[in-house]
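Q: Below you'll find the structure I mean.
What follows draws every value from the coordinates through simple rules; no lab data is involved. Here the structure is a predicted model, which is why all the values come from computation and not from measurement. Every residue, glycine among them, receives a Cβ derived from its backbone with ideal geometry; neighbour counts consider all protein chains shown.
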Amino acid sequence: MSYIQKRGVNSTIRKMTARQQASDVFSYGYIITCKANGKETQKLVEKLITLSKKGTLADKRRIASAIIRTKKYEKDELLKKIYVDIAQRYRSRKGGCTRLVKTQDKDRVLLALV
């Protein structure tokens with residue numbers, strides 16, 4: 001039995017969806033998505049925040065490979081925002097930088113940076 005919620009699509013689509021939603025969370029601060037997508041994206045966002053706090057070159061390259069551009073930011077601007085703003089904001093936290101909050105719509109959740 002798998003622990004990943006597969007949502008009926010192959011792994012490349014799942015990973016790309018998580019990458020796009022993680023980039024949107026960093027750009028806008030929150031997204032509204034379905035519960036399964038939200039849980040998978042939350043895992044990726046938490047890992048990327050942890051890597052940004054370390055700040056080694058290998059970690060920066062790993063974050064750069066996981067982030068894609070959004071409507072609001074280009075990739076370089078988004079990486080700068082992650083290193084400067086988000087990493088400094090969560091420097092003292094050990095984890096739990098994101099929250100999944102249920103919305104009034106039955107199948108939707110709000111994934112937000114705390």
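Q: Give me the residue from the range 52-100 that is in contact with a Leu (Cβ under 9 Å, 6 or more places away or on another chain) and among the β-branched types (Val, Ile, Thr) and, out of that set, nearest to LYS39 (Cα to Cα).
A: Looking at residues that are in contact with a Leu (Cβ under 9 Å, 6 or more places away or on another chain) and among the β-branched types (Val, Ile, Thr), I get THR98.
Q: Given the condition assigned to a helix (DSSP H, G or I), in contact (Cβ under 8 Å) with a residue 12 or more places away in the chain and either of a type in the set (Val, Ile, Thr) or in contact with a helix residue (DSSP H, G or I) (Cβ under 6 Å, 6 or more places away or on another chain) (or both), answer yes or no: does some residue in the range 87-104 qualify?
A: Yes, the conditions are met somewhere in the range 87-104.
Q: Could you identify the single residue in ALA112, ALA58, ALA36, ALA64 that is surrounded by fewer than 18 Cβ atoms within 10 Å (Cβ to Cβ) and assigned to a strand (DSSP E or B)?
A: The unique qualifying residue is ALA112.
Q: Could you please give the count of residues in the range 13-44 that are within 9 Å of the chain's Cα centre (by Cα) and of a type in the set (Ser, Thr, Tyr)?
A: So the answer is 2.
Q: Something else about it: Conditions: (1) under 17 Å from ALA112 (Cβ atoms); (2) of a type outside the set (Val, Ile, Thr); (3) not in a helix (DSSP H, G or I). ARG69 meets all but one. Number of the miss?
A: Condition not satisfied by ARG69: (1).
Q: Taking the conditions exactly as written (of a type in the set (A, V, I, L, M, F, W, C) and surrounded by fewer than 16 Cβ atoms within 10 Å (Cβ to Cβ)), does VAL101 satisfy them or not?
A: Yes.
Q: Quick check on GLY8: is it among the small types (Gly, Ala, Ser) and under 20 Å from VAL101 (Cα atoms)?
A: No; evaluated as a whole, the condition is false for this residue.
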